[in-house]
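K.L.:
I'd like to ask some things about the structure below.
The values are calculated or read from the model by the stated rules, or taken from the named source; none is laboratory data. What you see is a predicted model, and the numbers here were worked out from it, not measured in a lab. As a convention, Cβ positions derive from the backbone with ideal geometry for all residues, glycine included, and neighbour counts pool all protein chains shown.
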Amino acid sequence: MASLALPNLRMSQHLLRDTGRNPAPKAVTATPPRVALPDPVEGLGDHLDLPRMPQPWWPAIYRTLAEYAQSQLTQLDPVHQLGP
(Lines give C-alpha, C1' and ligand atoms only; values in the text may rest on other atoms or scores of the structure.)
Protein backbone atom coordinates (compact mmCIF):
# COMPACT_ATOMS: atom_id res chain seq x y z
CA MET A 1 0.00 0.00 0.00
CA ALA A 2 2.79 2.42 0.86
CA SER A 3 4.26 2.00 -2.62
CA LEU A 4 1.10 3.58 -4.09
CA ALA A 5 2.16 6.88 -2.47
CA LEU A 6 -1.42 8.01 -1.88
CA PRO A 7 -1.33 11.58 -0.52
CA ASN A 8 -3.69 11.12 2.45
CA LEU A 9 -2.83 7.53 3.37
CA ARG A 10 -1.71 6.97 6.95
CA MET A 11 -0.62 3.51 8.03
CA SER A 12 0.10 1.90 11.35
CA GLN A 13 0.63 -1.68 12.43
CA HIS A 14 -3.14 -2.19 12.63
CA LEU A 15 -4.79 0.60 10.67
CA LEU A 16 -5.01 2.16 7.23
CA ARG A 17 -6.85 5.43 7.03
CA ASP A 18 -7.46 8.33 4.71
CA THR A 19 -6.79 11.54 6.61
CA GLY A 20 -9.09 13.40 4.23
CA ARG A 21 -12.04 11.25 5.32
CA ASN A 22 -11.30 9.95 8.79
CA PRO A 23 -10.04 11.70 11.89
CA ALA A 24 -7.00 10.34 13.66
CA PRO A 25 -7.80 7.63 16.25
CA LYS A 26 -7.63 8.56 19.91
CA ALA A 27 -4.33 7.80 21.59
CA VAL A 28 -4.51 4.75 23.83
CA THR A 29 -2.52 4.57 27.03
CA ALA A 30 -1.79 1.57 29.19
CA THR A 31 -4.15 0.96 32.08
CA PRO A 32 -2.36 1.35 35.38
CA PRO A 33 -1.96 -1.88 37.35
CA ARG A 34 -4.52 -2.62 40.04
CA VAL A 35 -1.99 -4.20 42.35
CA ALA A 36 1.35 -2.87 43.50
CA LEU A 37 4.28 -4.31 41.57
CA PRO A 38 7.93 -4.25 42.62
CA ASP A 39 9.65 -1.18 41.17
CA PRO A 40 11.93 -3.19 38.81
CA VAL A 41 8.93 -5.06 37.38
CA GLU A 42 6.93 -1.87 36.99
CA GLY A 43 9.87 -0.13 35.31
CA LEU A 44 10.46 -2.99 32.90
CA GLY A 45 6.76 -3.19 32.02
CA ASP A 46 6.66 0.55 31.32
CA HIS A 47 9.90 0.46 29.33
CA LEU A 48 8.71 -2.43 27.14
CA ASP A 49 5.18 -0.98 26.94
CA LEU A 50 3.74 -4.36 27.88
CA PRO A 51 -0.03 -4.69 27.66
CA ARG A 52 -1.95 -4.93 30.92
CA MET A 53 -4.48 -7.69 31.48
CA PRO A 54 -7.56 -6.87 33.53
CA GLN A 55 -7.29 -8.39 36.99
CA PRO A 56 -10.46 -10.55 36.61
CA TRP A 57 -8.69 -12.47 33.80
CA TRP A 58 -5.77 -13.56 36.03
CA PRO A 59 -7.34 -16.63 37.71
CA ALA A 60 -8.34 -18.18 34.38
CA ILE A 61 -4.92 -17.51 32.87
CA TYR A 62 -3.04 -18.92 35.88
CA ARG A 63 -5.33 -21.95 35.95
CA THR A 64 -4.68 -22.60 32.24
CA LEU A 65 -0.92 -22.18 32.69
CA ALA A 66 -0.94 -24.57 35.67
CA GLU A 67 -2.88 -27.19 33.70
CA TYR A 68 -0.45 -26.85 30.81
CA ALA A 69 2.59 -27.11 33.08
CA GLN A 70 1.22 -30.27 34.72
CA SER A 71 0.45 -31.84 31.35
CA GLN A 72 4.03 -31.46 30.13
CA LEU A 73 6.63 -34.05 31.07
CA THR A 74 9.76 -32.21 32.13
CA GLN A 75 13.01 -33.46 33.52
CA LEU A 76 14.77 -30.72 35.42
CA ASP A 77 17.45 -32.91 36.96
CA PRO A 78 20.57 -32.84 34.72
CA VAL A 79 21.74 -36.17 36.17
CA HIS A 80 19.08 -37.92 34.09
CA GLN A 81 20.64 -36.48 30.94
CA LEU A 82 24.07 -38.01 31.55
CA GLY A 83 23.01 -41.61 30.99
CA PRO A 84 24.42 -44.71 32.77
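K.L.:
Looking only at the range 35-45, decide whether some residue is modelled with pLDDT under 85, of a type in the set (Val, Ile, Thr), surrounded by 11 or more Cβ atoms within 10 Å (Cβ to Cβ) and not in a helix (DSSP H, G or I).
P.N.:
No, that holds for no residue.
K.L.:
Looking at Thr19 and the list (1) modelled with pLDDT under 75; (2) surrounded by 10 or more Cβ atoms within 10 Å (Cβ to Cβ); (3) out of contact with any Asp or Glu (no Cβ under 9 Å at 6 or more places or on another chain), which single condition is not satisfied?
P.N.:
Every listed condition holds for Thr19 apart from (1).
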